[in-house]
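Engineer: Quick one: the structure is below, and I'll ask about it shortly.
The values are calculated or read from the model by the stated rules, or taken from the named source; none is laboratory data. Keep in mind it's a predicted model, so treat the numbers as computed, not measured. Neighbour counts run over all protein chains shown; Cβ positions are idealised from the backbone, glycine included.
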Amino acid sequence: MFSAYHLLGFVVPMSAKMRERITIRLTLKYLQLLDKLVEDGVYNSRNEAIRDGLRLLFEHYGYKMQGKNLTASTPQKTRSRNA
């Protein structure tokens with residue numbers, strides 16, 4: 001069964017259990033800090049830390065999951081590259 005996630009007028013059908021594998025490239029500094037979070041027990045895995053970081057980023061820009069629905073308040077349109 002598919003649910004629809006709504007974001008700014010777009011509907012993306014997704015299964016609740018659907019996940020997609022992606023590849024990212026990180027600088028050595030970011031990778032070391034990510035591993036430090038896992039080693040210190042803050043997160044159980046790199047995946048968990050990255051997902052939580054993305055959740056915080058989305059919330060910062062006004063996007064939030066409520067149950068199976070994605071809601072958006074008025075998101076910030078720009079970001080500072082120096083922040």
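Engineer: Pick from segment 13-50 the residues that are surrounded by fewer than 11 Cβ atoms within 10 Å (Cβ to Cβ) and aliphatic (A, V, I, L, M): which of them is modelled with the highest pLDDT?
Structural biologist: For segment 13-50, the residue satisfying everything is Leu28.
Engineer: What are the pairs, 6+ residues apart or on separate chains, where a residue within segment 12-38 that is charged (D, E, K, R) has its Cβ under 8 Å from a residue that is surrounded by 11 or more Cβ atoms within 10 Å (Cβ to Cβ) and modelled with pLDDT of 85 or more?
Structural biologist: Cβ pairs passing all conditions: Asp35/Arg46.
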